[in-house]
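Each reported figure results from applying straightforward, stated rules to the coordinates on display, with no laboratory input. Computed from a prediction, not measured in an experiment: that's the story for all the values here. Note that each Cβ is placed from the backbone with ideal geometry, even for glycine, and that neighbours are counted across all protein chains shown.
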Amino acid sequence: MVTPQLTEDMVISALRQVKYPGMSRDLVSFGMIKNARVEGATVHLDLQVPTEDAEVVAKVEASVREALSRVPGIGEIRIQNAPRPAPQESAPGPAPLPGVRRIVAVASGKGGVGKTTVSVNLALALAQSGAAVGLLDADIYGPNVPRMLGELGRPTAHEGKIVPLVRHGLRVISVGYLLGEQSPIIWRGPLVAQALKQLLHEVHWGELDYLIVDLPPGTGDTQLTLVQAVPLTGGVIVTTPSAVALMDAERGLRMFREARVPILGIVENMSYFICPHCQGETDIFSRGGGRQVSDSLGVPFLGEIPLNPTIREGGDTGAPVVVAMPESAEAQIFRNVADKVRLATEAAAEAMPQMIIR
């Protein structure tokens, strides 16, 4: 019987059967076999095992020799242990914003749940408590903050940084102020990520107790860019009581958890409707779902916000209810939410203190 001529393909094929200890993948797919070549009946290869454990290295080499010994035509097996590659420098982590003490992201799993309404009124309620507050509209494709706070003109620049606009005591930045409220944003993901980083790091925020970041709905590039760009104190999830909204809210909550961002709590918006005639409450969207999700996932419940025309009208006209009707029950609800967020951020900061650059 004629022995087939030994080839490098035969060597690699045999080594594909060798699994790394404790793994289901083979050495070849892991890239541990380097410079395999055949010279007559002799096989040469470099073995690069990603560990300093001599016992594991010896076990892998023995497995390689055993697998190759079964290949017809192989005489001598010469194995060189290749040095492990030097570890690559890790990507820079989140960079604190100069002077900003707390960064709170307001998110939702889906659109249409009133997330920006909550962001704006939450920021205003914190400002009314005496805090220095900034508001960043991070919804690049659909910036709604300019509509809810009113037309403020265009931001200016000073010493190479954008100067935020000021409304009701808030320092505000939105791409809607930079490009115009009606300008369509037709950008691919990398441009959106770059724009968000500029709105974070190239804005002169000054000394802030809180920066509220109004995120777009979903769990996409913008959310990932934010958690990688700055150290978040925590996240607030906004939902309605409907089953679909709650399902998507859970996705947003789990996204924060996977990114190791503390969950400050869940807000249930459009929780119930108050009849303007009889003052009776009607649970249009199955009130209580937000509290159930918070209980099941072990996160705080921040409050129920009613479905009320005054809240919607305030957003549409640039006069949010917290400033337009400060004595109303609706404004008090937002202030209660703000108080709980403030306490939650203090607890989160104690658990994971942040560096403040001044």
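Worth a mention:
- Folded to 0 to 90 degrees: helix 243-258 orientation relative to the chain principal axis, Cα: 60
- Based on Cα contacts under 8 Å between residues 6+ apart, region 8-81 shows a relative contact order of 33 percent.
- Among the listed pairs Lys115/Lys197; Lys110/Lys340; Lys161/Lys340, those beyond 29 Å (Cα-Cα): Lys161/Lys340
- Fewest-first sequence of Val293, Val341 by Cβ atoms within 10 Å of each Cβ: Val293, Val341
- Rounded to 5, the percent of DSSP beta bridges in the chain classed as antiparallel: 30
- In a simple Cβ point-charge model (Lys, Arg +1; Asp, Glu -1; nothing else charged), region 195-292 has a dipole of about 300 debye relative to its Cα centre.
- Structural descriptor for the chain: relative contact order 18 percent, calculated from alpha carbon pairs under 8 angstrom and at least 6 residues apart.
- If only the Cβ of Lys and Arg carry +1 and only the Cβ of Asp and Glu carry -1, the dipole of the chain around its Cα centre is close to 300 debye.
- Selection from Gly289, Val163, Gly134, by position along the positive dipole direction of region 103-351 (Cβ): Val163
- Cα gyration tensor shape of the chain, rounded if a/c is under 1.5, else prolate or oblate by comparing a/b with b/c: prolate
- Taking a straight Cα-Cα cut-off under 27 Å and skipping sequence neighbours fewer than 8 places away in the same chain, the lysines within cross-link reach of Lys19 are Lys34, Lys59.
- Top positive-direction residue, dipole computed over region 8-81 with Cβ charges, set Val64, Pro50, Val18: Val18
- Sorted by Cβ density within 10 Å, fewest first, the residues Met148, Met255: Met255, Met148
- With Cα atoms, 0 to 90° folded angle of helix 115-128 axis to the chain main axis: 60
- Magnitude of the charge dipole, region 8-81, Cβ model with Lys/Arg +1 and Asp/Glu -1, debye to 20: 200
- Taking the fewest neighbouring Cβ atoms within 10 Å as the starting point, the ordered list for Lys115, Lys34, Lys19 is Lys34, Lys19, Lys115.
- Among Gly73, Phe256, Ala344 the positive-end extreme of the charge dipole of the chain (Cβ point charges): Gly73
- Global geometry of region 249-319, whether rounded, prolate or oblate, following the gyration tensor of its Cα atoms and the 1.5 cut on a/c: oblate
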